[in-house]
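Written out below as structure tokens is the structure these notes cover.
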Amino acid sequence: MSDITGLQILSTLTPDGRLTVSLAEQTLPAPTGSQVVLRVEAAPINPSDLGLLLGSADVDHAEYGDGYLVAQMPEASMRAMASRLGEAMPVGNEGAGTVIAAGEAAEAQALLGKRVTCVPGGMYAQYRLVDARACMVLPDGATAEQGASAFVNPMTALGFVETMRAEGHKALVHTAAASNLGQMLVKICQADDIPLVNIVRSPAQVALLRDLGARHVLDSTADDFAERLVAALTETGATIAFDAIGGGSLVSRILGAMEQVASAGATYSRYGSATMKQAYIYGALDLSPTLLTRSFGFSWRVGGWLLTPFLAQAGAETVERMRARVRDNLTGLFASHYKARLSLRDALTRDAVLAYNARRTGEKYLIVPNAA
């Protein structure tokens, strides 16, 4: 077959701090070996995508045009981004579409005409050249929209449960819990009989998770939040938390409440309880510093959690078991819901950028690259 030409979104940061996000034409060569060409039909905007797409650039005061935006990156953010300066970077971790061309390898030929999902990066594009071995065929009747978010959120939610079990905890806490990922975690914990404490930031989000059947849903803005958190931790015995917010004092408050529960009725020790309390930060909805007020003894850990390193450590058998569960429950347990669908061009307009970059819990956006 001949080369395929289409549009893609690129993000470029220059040494003077100018971030340009624009549509660019790309030409894909004919696939060879195990390669396939995917006509991308749907790709979600995840928080992990926004880090590369926009970072902490000032999008409120950016210049917007037809198919591009130019924004200023804060000087404080430039040091961490030194390795990407001057490089036009494709964006979009995951997505789904139809295989329209394939290399000569059997595994590639087997995917011709199939609708698949994958996480190769660069999925905010009309076409993508990927390795067939990295693709997962969607179930019969599943749409690209249903399969577009079949990796990052479902595998992350399952990864939390796997981590909890591997580290010897019996229940967990999750923040920003009304997100698509949070709703999946509620359903997983219900199916697996795992006690879960959900922390959200509004009464409406409490109602959303209550409607899903969640037992413990706490509004961190409520006056009685601290009291209710201790009560929920007492009932569940949760000693591990996964935090999507990052900045501020919420992680510290959770660890403090865990320590209060662990120390209740125990003999005083200036070192605190012997119960290990673990908090993993996996998101950055709040870009301010993480504040820890050490009121939780000495048996605690705070660290980062990312899906890719977890999968590398989990082993092939565990990863395949997780993927199979996602595949078998794609339209039920792991269904995603979207606030809006955007073409590649629409995704770079001011209104759209300000909306999805606000990172509001439960408001997920979908890019439809081949939309008119």
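Annotations
- Options Thr163, Thr143, Thr175: the member that is over 21 Å from Asp243 (Cα atoms) and β-branched (Val, Ile, Thr): Thr143
- Just one of the numbered conditions (1) loosely packed, with under 14 Cβ neighbours inside 10 Å; (2) assigned to a loop (DSSP other than H, G, I, E, B); (3) in contact (Cβ under 8 Å) with a residue 24 or more places away in the chain is not true of Thr27: (2).
- Pick from segment 270-290, criterion part of a loop (DSSP other than H, G, I, E, B) and not aliphatic (A, V, I, L, M), ranking: farthest from the chain's Cα centre (by Cα): Arg270
- Looking only at segment 110-141, and only at residues there that are in a strand (DSSP E or B) and of a type in the set (A, V, I, L, M), the one that is surrounded by the most Cβ atoms within 10 Å (Cβ to Cβ): Ala125
- A single member of Gly265, Gly246, Gly256, Gly213 is in contact with a Gly (Cβ under 7 Å, 6 or more places away or on another chain) and free of Cβ contacts under 8 Å to residues at least 60 places away in the same chain, and it is Gly246.
- So Leu196, is it of a type in the set (A, V, I, L, M, F, W, C) and surrounded by 23 or more Cβ atoms within 10 Å (Cβ to Cβ): yes
- When residues of segment 307-322 are limited to those that are open to solvent by 60 Å² or more (accessible area, probe 1.4 Å) and more than 15 Å from the chain's Cα centre (by Cα), the one nearest to Gly256 (Cα to Cα): Gln313
- Where Glu162 falls short, out of the listed (1) in a loop (DSSP other than H, G, I, E, B); (2) in contact (Cβ under 8 Å) with a residue 60 or more places away in the chain; (3) open to solvent by 10 Å² or more (accessible area, probe 1.4 Å): (1)
- One residue stands out in segment 297-323 among those that are touching a strand residue (DSSP E or B) at 6+ places or on another chain (Cβ under 6 Å) and hydrophobic (A, V, I, L, M, F, W, C): the one that is farthest from Phe160 (Cα to Cα), namely Trp300.
- Restricting the first member to segment 60-79 and to residues that are touching a residue at least 60 places away in the same chain (Cβ under 8 Å) and of a type outside the set (Gly, Ala, Ser), and the second to residues that are surrounded by 15 or more Cβ atoms within 10 Å (Cβ to Cβ) and assigned to a loop (DSSP other than H, G, I, E, B), the beta-carbon pairs closer than 8 Å and six or more apart or on different chains are Tyr64/Thr349; Asp66/Arg345; Leu69/Ala62; Met73/Gly17; Met73/Gly55; Met73/Ser56; Met73/Ala57; Met78/Gly17.
- Count - residues of segment 278-306 that are farther than 17 Å from Ser249 by Cβ, crowded, with 19+ Cβ neighbours inside 10 Å and not polar (S, T, N, Q): 2
- Of the residues screened, Ala241 is one that is in contact (Cβ under 8 Å) with a residue 24 or more places away in the chain, farther than 30 Å from Asp58 by Cα and crowded, with 18+ Cβ neighbours inside 10 Å.
The values are calculated or read from the model by the stated rules, or taken from the named source; none is laboratory data. Quick caveat: nothing in here was measured; it's all calculated off a predicted structure. Using ideal geometry, Cβ is built from the backbone for each residue, glycine included, and neighbour counts are taken over all protein chains shown. These accessible areas exclude ligands, DNA and RNA; they are computed on the full protein's heavy atoms, side chains included. Shrake-Rupley method; radii C 1.70, N 1.55, O 1.52, S 1.80 Å.
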